[in-house]
Amino acid sequence: MSDFISVNLKKLKDNKISNPEIDLRILLNYSRCCENEIILSNFKTEQIDIKKFNLLLNRRILKEPISKIINRKSFWKDDFYVNKYVLDPRPETEGIIEESIKIFKDSKAHFKILDIGTGSGAIAISLAREFENAEIVAIDISEDAIKVANNNIKTKKLDKRINLKKTSFENIEDNFDLIVSNPPYLTLNEINNISDEIRNFEPLIALFGGENGLDFYQEFSKQIYNKLKKGGYLILEIGATQFSDCREIFRDSGLNFLKKEQDLQKKDRIMIFSKL
Ligand code: GLN
């Protein structure tokens, strides 16, 4: 291994970066000026722009997530542009796409979907790919997030399929066959204890759900009924300990609770309701 590699690996390790080899390889490739993919074992310094590399490495040492440094995160079947104004799409949220496919088996069906708090647009875009005739509305209250979603929707040439709006769910008057959301749901206590990676580089507005994490569900449960069509579905992401609270909160919503699903870590993560 070259000295350059061992010195920089040590810097990452000393700063408690958890996957130093993987991260180093990504950063080297992101600053490379040669054509071929760089691997650590036969690396030569002339393969990279050293100045650029050092800047990137310092950002990682300051705990900026790799996704925010390279402005890219994979979700479902795509790569998405991300920055500090949107939550990185997370693997557990892919459960929303999986459940949508289980419910609406016909990928060619003409139906209407609303994604609340779209952020990077990852959920709306993934649903647009899975349901080629669905008409999708994606909303967010953050102007900066809307710019990111717009960028992703345009790059993927889905601007005719996804109607992106800066607004809150209270202002939506239409009704839908499917409503999905990964709302902010962390409690004050959780916010106070999250990693520096999240606290310093992901938007609080997408994470913090009020003192008990339930603010969104409380407001939304009062308004959901008229926004769903008869026979429509709501698929919601929840925090790992929020199932029974959310079950209570939605008891008066007029919707029928169908089931909950767990994520790959066996934590409660998704709730599904229908309007009978
Ligand atoms: N699952 C995210 C986290 O724990 C939180 C997402 C959210 O609040 N919607 O970082």
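Within region 175-194, take every residue that is in contact with a Ser or Thr (Cβ under 8 Å, 6 or more places away or on another chain) and either within 16 Å of G239 (Cα to Cα) or hydroxyl-bearing (S, T, Y) (or both) and give me the one that is farthest from the ligand (Cβ to nearest atom). Don't jump to the end; show me each part of the working.
Of region 175-194, the ones in contact with a Ser or Thr (Cβ under 8 Å, 6 or more places away or on another chain) are 178, 180, 182.
Within this subset, residues satisfying the condition of being either within 16 Å of G239 (Cα to Cα) or hydroxyl-bearing (S, T, Y) (or both) are 180, 182.
On the way: V180: 12, N182: 5 Å.
Going through the qualifying residues, I end up with V180.
Looking only at region 196-206, filter to residues that are more than 9 Å from the ligand (Cβ to nearest atom) and over 16 Å from D140 (Cα atoms); which one of those is surrounded by the most Cβ atoms within 10 Å (Cβ to Cβ)?
Kept after step one, since they are more than 9 Å from the ligand (Cβ to nearest atom), are these residues of region 196-206: 196-197, 199-201, 203-205.
From what's left, over 16 Å from D140 (Cα atoms): 196-197, 199-201.
On the way: D196: 11, E197: 17, R199: 14, N200: 14, F201: 19.
Applying the filter and picking the extreme gives F201.
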Does E64 count as in contact with an Asp or Glu (Cβ under 9 Å, 6 or more places away or on another chain), assigned to a loop (DSSP other than H, G, I, E, B) and among the acidic types (D, E)?
yes
Could you tell me which numbered condition I270 fails, if it satisfies all but one of (1) in contact with a Phe, Trp or Tyr (Cβ under 8 Å, 6 or more places away or on another chain); (2) within 16 Å of the ligand (Cβ to nearest atom)?
(1)
Can you pull out the residues in region 236-268 that are of a type in the set (V, I, T) and assigned to a helix (DSSP H, G or I)?
I249
In region 228-257, the residues that are more than 24 Å from the chain's Cα centre (by Cα) and farther than 18 Å from G209 by Cα
K229, K230, G231, R251, D252, S253, G254, L255, N256, F257
Would you be able to say whether some residue in region 231-247 is surrounded by fewer than 19 Cβ atoms within 10 Å (Cβ to Cβ), within 11 Å of the ligand (Cβ to nearest atom) and not basic (K, R)?
yes
Going through (1) within 13 Å of the ligand (Cβ to nearest atom); (2) at pLDDT below 95; (3) of a type outside the set (V, I, T) one by one, G119 fails only at (2)
Please indicate, with yes or no, whether at least one residue in region 207-223 is within 11 Å of the ligand (Cβ to nearest atom), touching a residue at least 12 places away in the same chain (Cβ under 8 Å), in a strand (DSSP E or B) and touching a strand residue (DSSP E or B) at 6+ places or on another chain (Cβ under 9 Å).
yes
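To keep it simple, each residue is scored yes or no on (1) closer than 29 Å to L28 by Cα; (2) within 16 Å of the ligand (Cβ to nearest atom); (3) at pLDDT below 95.
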position	(1), (2), (3)
N54	yes, no, no
R59	yes, no, no
D79	yes, no, no
N83	yes, no, no
V86	yes, yes, no
E98	no, no, no
S107	no, no, no
R129	no, no, no
E132	no, no, no
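Can you find a residue that is among the hydrophobic types (A, V, I, L, M, F, W, C) and in contact with a Cys (Cβ under 6 Å, 6 or more places away or on another chain) anywhere in region 226-249?
Start the filter on region 226-249 by keeping residues that are among the hydrophobic types (A, V, I, L, M, F, W, C), which leaves 228, 234-236, 238, 240, 243, 246, 249.
With the extra rule that they be in contact with a Cys (Cβ under 6 Å, 6 or more places away or on another chain), the set shrinks to 238.
Yes, there is a match, as at least one residue in region 226-249 is among the hydrophobic types (A, V, I, L, M, F, W, C) and in contact with a Cys (Cβ under 6 Å, 6 or more places away or on another chain).
The values are calculated or read from the model by the stated rules, or taken from the named source; none is laboratory data. Only a predicted model underlies this, so the values are computations on that prediction, with no experimental measurement involved. Glycine gets a Cβ as well: all are built from the backbone with ideal geometry, and neighbour counts include every protein chain shown.
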